[in-house]
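Working notes for the structure below.
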There are 2 protein chains.
Amino acid sequence: MKVNVYVTLKKGVLDPQGKAVAGALVELGFKGLRGLKIGKFMELDLDVQTAQDARKLAEEMCRKLLANTVIEDFRVEVEG
Amino acid sequence: MKVNVYVTLKKGVLDPQGKAVAGALVELGFKGLRGLKIGKFMELDLDVQTAQDARKLAEEMCRKLLANTVIEDFRVEVEG
């Protein structure tokens, strides 16, 4: 079962990578950029029977390894 | 206007980061992981009038900087 995981920095946590990329876009001449935040996106393929099991397993993986829950939020999305 | 950008490796491109994380999950005792791919997820805030303009600007940013189109695909999703 395909599961998408999105890991983003919590509100208020500094995002130097996002800041650097935003600065680079401005230097390239892009106008109209008000903000840019960078996170991680993971596509998991899980060998489980139900969407519920997939969500449970993916969330457990996030808490144990995929996200640093001190500074990051995660969102799990089970595909069809 | 809020725009989400997803950057993923093209099919066939090696993903050592994904492989390392998948290996770590197995070592942590997780079962049932068939595959894991890691990409980037960016949240842009653009100062434009229409969703069409937002998409156009974000796609241009992807082609110029945010994605390495030799090895990466990108997907742009304009919110509300």
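Points worth noting:
- Note on segment B:1-12: among residues that are surrounded by fewer than 15 Cβ atoms within 10 Å (Cβ to Cβ) and modelled with pLDDT of 95 or more, the one that is nearest to residue A:30 (Cα to Cα) is B:2.
- Residue satisfying all of: in segment B:18-46; under 26 Å from residue B:72 (Cβ atoms) and among the charged types (D, E, K, R); surrounded by the fewest Cβ atoms within 10 Å (Cβ to Cβ) among these: B:34
- Selection status of residue A:50, among the hydroxyl-bearing types (Ser, Thr, Tyr) and farther than 17 Å from residue B:41 by Cβ: yes
- Test: residue in segment B:72-80 that is crowded, with 19+ Cβ neighbours inside 10 Å and either without any contact (Cβ under 8 Å) to a residue 60 or more places away in the chain or in contact with a Pro (Cβ under 6 Å, 6 or more places away or on another chain) (or both): no
- Test: residue in segment A:56-63 that is more than 29 Å from residue B:53 (Cα to Cα), buried (at least 19 other Cβ atoms within 10 Å of the Cβ) and touching a Gly at 6+ places or on another chain (Cβ under 8 Å): yes
Here is a yes/no grid of residues against (1) of a type in the set (Ser, Thr, Tyr); (2) within 10 Å of another protein chain (Cβ to nearest Cβ):
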position: B:5; (1), (2): no, yes
position: B:35; (1), (2): no, yes
position: B:44; (1), (2): no, yes
position: B:56; (1), (2): no, no
position: B:59; (1), (2): no, no
position: B:69; (1), (2): yes, no
position: B:76; (1), (2): no, no
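The values are calculated or read from the model by the stated rules, or taken from the named source; none is laboratory data. Remember, it's a predicted structure, so these values are computed and weren't measured experimentally. Please note: Cβ atoms are built from the backbone with ideal geometry, for glycine as well, and neighbour counts cover all protein chains shown.
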